[in-house]
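No lab work stands behind these numbers, since they all come straight from the coordinates. Since this is a predicted model, take the numbers as computed values, not measurements. Note that each Cβ is placed from the backbone with ideal geometry, even for glycine, and that neighbours are counted across all protein chains shown.
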There are 2 protein chains.
Amino acid sequence: MVLFQLLSRKPPPRPLDITKEEREAVYKTIFSRRDVRNEYLPNPIPDEVLKRVLTAAHHAPSVGFMQPWDFITIKSTKTRAAIKQAFLEAHKEAADMFDEAKSEQYKGLKLEGIMEAPIGICITCDRTRNGPVVLGKTANPEMDLYSSVCAVQNLWLAARAENLGVGWVSIIHHDALKKIINIPDHITPIAYLCMGYVSFFHEKPELEKVGWLNREDLSNVVHEEFWPENERI
Amino acid sequence: MVLFQLLSRKPPPRPLDITKEEREAVYKTIFSRRDVRNEYLPNPIPDEVLKRVLTAAHHAPSVGFMQPWDFITIKSTKTRAAIKQAFLEAHKEAADMFDEAKSEQYKGLKLEGIMEAPIGICITCDRTRNGPVVLGKTANPEMDLYSSVCAVQNLWLAARAENLGVGWVSIIHHDALKKIINIPDHITPIAYLCMGYVSFFHEKPELEKVGWLNREDLSNVVHEEFWPENERI
């Protein structure tokens, strides 16, 4: 074995190395992750699956290792109905903001699955956690909010790896959400997520499919060394 | 085959389903991702690897599919030296903000690998992209910033799956960074990341290892249905 390694001139794999197959699994998960609104099944999520997904979220990077997040899991139909009502209010306001053609298209889109998904998860940020001076937050105080967003994305990918769909309901006033689930003043809601098993995952994002916007070419958003001189308008 | 499926009463796997092995690969990647500062190797990153990682970042979720991000890849030693200088200034300011004991410990930590990693990546957010009214941003205007953070986390995990280390340099004033790489006024820097192959990945976050802060128990950050009455202070 040692001789073989010497002959092949390849160092032995290290315990935490990711293999080619494992890498492909990560890309499959990243590229097939969707914002799910329509395809939720009522099937309950086993506790151990929910725990795995939350553990993945809790292992997100955080500035100064402050772990500013909390996760509130919401199963009650009554609570979800109140959240749905708060969505409907914000959604109605939003429809009036678009020009006429876009507003009609907007009203025809299904943008959340609050009642269909068996569970909602609210992810928050406690900006006061671990004291007033946090390593890594001194020049950029928004870093704690961004840490909680990293937890959202870890949760979303872990859920996808469990074949669970997730949808981020951003059309909701966070003050309304805070009242419904008793979040105190000093805590900032970051995301309200719906989560559940799905009948299928769309091959493309739904907003791309219906022609709301196209996916930008990668070459248009990658620049070498500096922001390009003839900058995007 | 069909008979076997009928007998086993299990539906055939769907093309986008994630298998158990693939799921384990995703968790391995999430749990072994680190903020790397010390272990960078100078080995260059092949173009196709860099492209895969940036493609993964570009497939992050974004509010209203607006894809507000740009990615500036920085290899020049001169530019990285200017960024290192900007880090040093913000780092010096920061050291004075902690109390005496913490300040001494802070000064002893290595918190970035700007010169050691062969590449830096600046991820930005264009808050004006796709017009003044963006689907999903109407109630929460910060959603575009959060979309770019999701791109950071996708990039970080894709890099880990390529056995590349990444470190987020948040101890830097973004105005200084904008000047160095010509970022226009209306663009918001979200993250400056160092990226490179590494000699090894730490088993635990370094700030946990040196006793800066401990990892919180998951049970302390997960709550059912409502924010707990005897809330964390």
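Given only helices, namely DSSP H runs of n ≥ 4 each adding -39500 (n - 2.57), what is the per-residue ellipticity at 222 nm of the protein assembly as shown, to the nearest 500 deg cm²/dmol?
On the way: 18 runs with 186 residues, N = 466.
The helix contribution divided over the protein assembly as shown gives -12000 deg cm²/dmol.
Test of understanding: what is the full-extension gain from A:Met115 to A:His186, defined as 0.36 nm times their sequence separation minus their Cα-Cα distance? Could the numbers behind the result be given before it?
Numbers: separation 71, 0.36 × 71 = 25.56 nm, distance 2.81 nm.
Once the chain is fully extended between A:Met115 and A:His186, it gains 22.8 nm.
For B:Ala81 and B:Glu224, what does the FRET efficiency come to when R0 = 35 Å and r is the distance between their Cβ atoms, rounded to the nearest 0.05?
0.10
How far apart are the B:Lys107 label points across copies, placing each 7 Å from Cα toward Cβ, in nm, shortest first?
Values, ascending and in nm: 6.6.
Under 14 Å from a point 7 Å along the Cα-to-Cβ line of A:Gln105: which residues of the range B:48-78 have their amide N that close?
B:64-66
Shortest first and in nm to one decimal, what separations exist between B:Asn220 and its copies in the other chains, measuring from label points 7 Å along the Cα-to-beta-carbon line?
4.7
If you take the Cα Rg of the range B:152-233 and divide it by 2.2 N^0.38 Å, with N the number of residues, what do you get? Walk me through the numbers on the way to the answer.
Values: Rg = 18.0 Å, N = 82, 2.2 N^0.38 = 11.7 Å.
The value comes to 1.54.
Consider just the alpha-carbon atoms of the range B:21-87 and return their Rg together with their Dmax, both in angstrom.
15.7, 44
Size of the range A:1-134 along its principal axes in angstrom, Cα-based, largest extent first?
71, 42, 35
Mind giving me the nanometre distance, one decimal, between the label points for A:Glu24 and B:Lys204, set 7 Å out from Cα along Cα→Cβ?
Output for this residue pair reads 3.6 nm.
Which value does Rg/Rh take for the protein assembly as shown over its C-alpha atoms, Rh per Kirkwood?
Working: Rg = 22.2 Å, Rh = 23.1 Å.
With Rg and the Kirkwood Rh in hand, the quotient comes to 0.96.
How far, in nm to one decimal, is B:Pro184 from itself in the other copies if the label point is set 7 angstrom along Cα toward Cβ? Shortest first, please.
4.5
In a Debye calculation with equal point scatterers on the alpha-carbon sites of chain B and no solvent, what is log10 I(q)/I(0) at q = 0.08, 0.11, 0.14, 0.17 Å⁻¹?
Result of the Debye calculation: -0.40, -0.73, -1.09, -1.38.
Please count, across the range B:2-131, the pairs of lysine residues with Cα atoms under 28 Å apart that sit 8 or more places apart or on different chains.
Count of close lysine pairs: 24.
Using the alpha-carbon centroid of each, what span in Å lies between the range A:141-208 and the range A:101-125?
If we compute the Cα centre of each part, the gap is 11 Å.
Residue farthest toward the positive end of the dipole of chain A, with Cβ of Lys/Arg at +1 and Asp/Glu at -1: which of A:Phe200, A:Asn154, A:Ile18?
Ranked along the dipole, the leading option is A:Ile18.
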